[in-house]
Each structure stands twice: as C-alpha cells, then as structure tokens.
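Before any comments, here is the structure.
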Amino acid sequence: MNVVTHRAGWANGVLLRAAWLPGEGARAAAGPALLARRFGIDRRHDSQPVHPDHGLWIAPQPLGWGALKPSDRVQTSRIGISQAQELPWRWYLRGSRSVSRRAKGDPTPKVDAWTLQAGPLP
C-alpha cells in the first residue's frame, strides 16, 4: 500500500508493508496486500486524500503507549525490488515479530515487545 506524502507526480511517498494489530497475531497484516485487506482499503481509495473526510486516515500512536526511541527502529536496505536494493530506505520496529525480513544479525524477538509495553488499546 503506497501513501503519497506530498503531491501527486512528485517522488514523496511511503510503502506501508505491515501493521501490528493487538490481539490478532503478529502476521495478521504482514505484507501490503494483507494490510490493505485487513483495513478495507481497495482501488476505491486510489488517488484519494488520506483524511477522515474520505474515510481513510493514519492516526498517531495512542497516548500512553510511550514514545519510540531511536534504538527501537532498524534502518536497512530495501527488499522485494529489482533496482536500488542497496538503498537504506526501509525501517521497522526492532521489537516487532511482524517483520517479514529482518536485517542481518537482528534476531526475531520471542515475544512482541509492543504487546508487552502497550497493553490493551485505550
């Protein structure tokens, strides 16, 4: 699922590959297709603003879940593409078990750290 973060026709965007869903298992929305399907996003949303008035928005982290520290994030090279694989334009949360392919030397945690820290949704 791609989200343009500036304006159409300008190279500013984010590919969302997965989301952590409390209570649904680490792989419930792992991969762009499962992510879109899980949140009911389809071709009707193409070229639509990401805004509540259009039924689609990206919300900030819920209050009380604590702030992310730089050490919580891993920056690594891109995956699943044929060109520019070496560019470090991929990020994921170190404590998440939902990551499809981890950076070399970064083991999958035995327990999802976000479940332990966050607790139930407010």
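The values are calculated or read from the model by the stated rules, or taken from the named source; none is laboratory data. For clarity, every value in this text was computed on a predicted model and none was experimentally measured. Cβ placement follows ideal geometry from the backbone for every residue including glycine, while neighbour counts extend to all protein chains displayed.
Would you call PRO22 closer than 22 Å to VAL111 by Cβ and at pLDDT below 85?
Working: closer than 22 Å to VAL111 by Cβ: yes; at pLDDT below 85: yes.
Spelling it out, PRO22 is indeed closer than 22 Å to VAL111 by Cβ and at pLDDT below 85.
Scan region 93-102 for residues that are in contact (Cβ under 8 Å) with a residue 40 or more places away in the chain and out of contact with any helix residue (DSSP H, G or I) (no Cβ under 8 Å at 6 or more places or on another chain) and report the count.
Count: 4.
Conditions (1) at pLDDT below 85; (2) among the acidic types (Asp, Glu); (3) surrounded by fewer than 12 Cβ atoms within 10 Å (Cβ to Cβ), marked per residue:
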| position | (1), (2), (3) |
| --- | --- |
| HIS45 | no, no, no |
| PRO62 | yes, no, yes |
| THR76 | no, no, no |
| ASP106 | no, yes, no |
| GLN117 | yes, no, yes |
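Which of (1) surrounded by 14 or more Cβ atoms within 10 Å (Cβ to Cβ); (2) modelled with pLDDT of 85 or more is the odd one out, the single condition PRO52 does not satisfy?
So the condition that PRO52 fails would be (1).
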